[in-house]
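A short worksheet on the structure shown next.
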């Protein structure tokens, strides 16, 4: 039986997740929701858009589950939306592509998106609100925290740790056994050979520090 959900967001990522849930899951998207300041149209993808301030009254958490489909432009804001949804009482769902490879030992939280051709090896732990884009490899015994974004073709070496609210651009590689600390931003193609520092930006092979964003968090001004 199809399960009714609401998607938080009304942008490109929300449109894509609507397609995936419709084509490759047993969930049915019933509506979208956005904060009142971002409300521009009553319809998106042919479905109602409800201001978040009215959501509980019209789509109560006792009946509807939720997926947060907010993009990566402001990583702290993305995580804050997830936390507000949880505080409102909504159960957050995962999307795991039927074309992904995940072993039964996977321990996973809520509101994760695992796209096509992602491979997750045994003994991996994943928290909440993470995105793993296509062709990413998560090797054995990796621990991933909350609110991270992994671009396409990332490689997470075995026994490594990614903490919280990190952004690893397309093709980022980290070797076995290192820790990617909170709010690390690795630009596309970066090769991480040692532990990172919190709130730092990295680029290159091998990676070098190129900036810090402790005050603002990770802001992605592209895409």
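Remark: the residue 58-residue 105 segment gains 13.2 nm on full extension, using 0.36 nm per residue and subtracting the alpha carbon distance. Take the Cβ atoms of residue 73 and residue 23, set R0 to 41 Å, and the FRET efficiency comes out at 0.95.
Counting only DSSP beta bridges whose two residues both lie in the chain, roughly 15 percent are antiparallel. Note on the range 67-189: semi-axes of the ellipsoid equivalent to its C-alpha gyration tensor, largest first and rounded to whole Å, are 21, 16, 13. Of the beta bridges in the range 120-215, as assigned by DSSP with both residues counted there, near 15 percent are antiparallel.
When the alpha carbon gyration tensor of the range 142-223 is reduced to an equivalent ellipsoid, the three semi-axes, largest first, read 17, 13, 12 Å.
Based on Cα contacts under 8 Å between residues 6+ apart, the range 3-87 shows a relative contact order of 36 percent. Axis angle, to the nearest 10 degrees, between helix 12-23 and the longest C-alpha principal axis of the chain: 70 degrees. I'd like the distance separating the alpha-carbon centroids of the range 46-99 and the range 125-142, in whole Å. So the separation of the two Cα centres works out to 20 Å.
Annotation: peptides 160-166, 21-27, ranked by per-residue average of other Cβ atoms within 10 Å with the highest first, follow the order 160-166, 21-27. Shape of the range 110-157 from its Cα gyration tensor (a ≥ b ≥ c, root eigenvalues): rounded if a/c is under 1.5, otherwise prolate when a/b > b/c, or oblate? Since a/c reaches 1.5 but b/c is at least a/b, the shape of the range 110-157 is classed as oblate. With one equal scatterer per alpha carbon and no solvent term, the Debye-computed log10 I(q)/I(0) for the range 16-57 at 0.14, 0.27, 0.30, 0.34 1/Å reads -0.34, -0.93, -1.02, -1.13. A crude spin-label estimate for the pair residue 80 and residue 2, with each label 7 Å from Cα along the Cβ direction, gives 3.5 nm. Across every direction, the projection of the convex hull enclosing the Cα atoms of the range 3-87 has a mean area of 5.3 nm².
Relative contact order, whole percent, for the chain stands at 11, derived from Cα pairs under 8 Å and 6 or more residues apart.
Overall shape of the chain was characterised from the C-alpha gyration tensor. The equivalent ellipsoid obtained from it has semi-axes of 30, 20, 14 Å, in decreasing order.
For the chain, the longest principal axis of the C-alpha atoms and the axis of helix 75-87 are separated by about 50°. Each stretch of four or more DSSP H residues adds -39500 (n - 2.57); spread over every residue of the chain, this sum gives -4500 deg cm²/dmol at 222 nm.
Each reported figure results from applying straightforward, stated rules to the coordinates on display, with no laboratory input. All of these numbers come straight from a predicted model, not from anything done at the bench. FYI the Cβ positions are ideal-geometry reconstructions off the backbone, even for glycines, and counts take in every protein chain you see.
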